[in-house]
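The values are calculated or read from the model by the stated rules, or taken from the named source; none is laboratory data. Just so it is clear, the structure is predicted and the values come from calculations on it, not from any experiment. We place every Cβ from the backbone using ideal geometry, glycine too, and count neighbours over all the protein chains shown. For accessibility, only protein heavy atoms count, side chains too; no ligands or nucleic acids. Shrake-Rupley method; radii C 1.70, N 1.55, O 1.52, S 1.80 Å.
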Amino acid sequence: MQPVQYLTSHQIDYVRWDQCIANAGNSLPYAYSWYLDIISPGWGALVLRNYEAVMPLTQKRKYGISYLYKPIWAQQLGVFSAEIPGLDLVKQFIQSIPAKFKYVIYTLNEANQADQLISGISVSSRTNHLLPLNSPYELLYRSFNQNVRRNLKTALSQGYFIQSNIAPRSIIDLYQSTAGLRLTEIRDSHYRQMERLMFQSIHHRAGELIGVFNNANQLHAAGFFLRTPNRIINLFPATHPQGREKGAMFYLINYLIEQNAQTGLTLDFEGSTSKSVSQFYRSFGAKPVTYPQIYRNTLPWPFRYLKSRAR
């Protein structure tokens with residue numbers, strides 16, 4: 001078995017890296033070099049042979065200790081290769097994570113298998129929600145539950161209209177003034193990252209910003225969606241309080257489904273640990289799909305104890 005090589009950021013061949021991600025059977029936009037540069041400056045990587053399989057390492061250093069972490073704007077990373085990576089390959093990559101990373105909390109992707117047989121590594125499952133858009137809209141609509149249909153009826157009576165290519169700042173400001181007030185873990189630096197992701201995704205033709213406006217031209221809901229050849233990812237949704245009452249987000253999601261019905265794309269809701277948000281996604285007919293998260297703690301005492309308590 002060929003060894004997996006660890007590369008620091010300046011050693012990575014970005015052209016070969018992005019070719020590997022583009023050609024991967026489990027390709028995701030979070031793993032492109034331009035995306036990683038924004039969400040995890042100085043990221044490293046594990047690479048097999050001539051970039052036949054790769055694994056980005058989102059890394060940081062604090063108090064002289066190196067660690068791997070899950071960036072806020074990247075739900076899934078892990079091992080990417082032209083063929084869907086098997087369990088042995090995934091294990092080889094996990095075992096190749098350098099020992100210098102004393103703390104590891106890292107999400108693999110839904111195509112990666114992982115088990116509990118790797119020494120020092122624990123594995124847990126996280127949940128995403130996916131809606132295949134293979135069918136005609138009429139069939140997809142039948143999967144909507146009564147709450148979705150009721151809210152759509154309300155939204156359709158509001159005179160709402162869709163506008164694409166809205167300003168990134170308008171979505172971010174709406175989010176910060178609503179959901180962002182509750183999510184204190186999202187800091188100003190994360191919003192700056194998000195704004196850069198929006199601009200760069202448009203540059204790379206990999207993103208779309210859509211707003212729902214009322215007849216007074218007020219923004220009631222908005223979303224930033226990443227696009228790949230296979231899926232639409234609901235990365236950054238935001239809803240105004242008045243829009244919440246009038247079903248504006250239901251209107252936006254329904255618009256996406258209707259516009260992309262029978263395309264073969266998958267609407268990726270990105271999942272949530274919130275039961276209410278998870279139920280919202282399921283109400284459109286989305287199905288839960290799990291992906292692994294790995295954990296390793298070899299920190300020196302007392303950091304090991306404090307981190308295990310905080311996990």
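General observations
- Qualifying residue in region 257-265 (condition: at pLDDT 95 or above, closer than 29 Å to residue 107 by Cα and among the charged types (D, E, K, R)): no
- Inspection of region 11-32 identifies at least one residue that is part of a helix (DSSP H, G or I), small (Gly, Ala, Ser) and at pLDDT 95 or above.
- Residue that is surrounded by the most Cβ atoms within 10 Å (Cβ to Cβ) [pool: residues in region 67-92 that are aliphatic (A, V, I, L, M) and under 17 Å from residue 291 (Cα atoms)]: 79
- Annotation: residue 291 fulfils all but one of (1) among the aromatic types (Phe, Trp, Tyr); (2) closer than 25 Å to residue 28 by Cα; (3) open to solvent by 20 Å² or more (accessible area, probe 1.4 Å); the unmet one is (3).
- Filter pass, residue 38 being aliphatic (A, V, I, L, M), at pLDDT 95 or above and in contact with a Leu (Cβ under 7 Å, 6 or more places away or on another chain): yes
- Considering region 198-215, the residues that are assigned to a strand (DSSP E or B) and open to solvent by less than 30 Å² (accessible area, probe 1.4 Å) include one that is farthest from residue 28 (Cα to Cα), namely 213.
- Test: residue in region 36-43 that is in contact with a Ser or Thr (Cβ under 8 Å, 6 or more places away or on another chain), touching a residue at least 24 places away in the same chain (Cβ under 8 Å), over 22 Å from residue 113 (Cα atoms) and of a type in the set (S, T, N, Q): yes
- Residues (in a strand (DSSP E or B), in contact (Cβ under 8 Å) with a residue 40 or more places away in the chain and either surrounded by fewer than 21 Cβ atoms within 10 Å (Cβ to Cβ) or of a type in the set (D, E, K, R) (or both)) located in region 47-66: 65
- Considering region 216-286, the qualifying helices (runs of 4 or more DSSP H), each wholly inside and each with 2 or more residues that are open to solvent by less than 60 Å² (accessible area, probe 1.4 Å) and either without any contact (Cβ under 8 Å) to a residue 12 or more places away in the chain or of a type in the set (Phe, Trp, Tyr) (or both), run over 248-260, 275-282.
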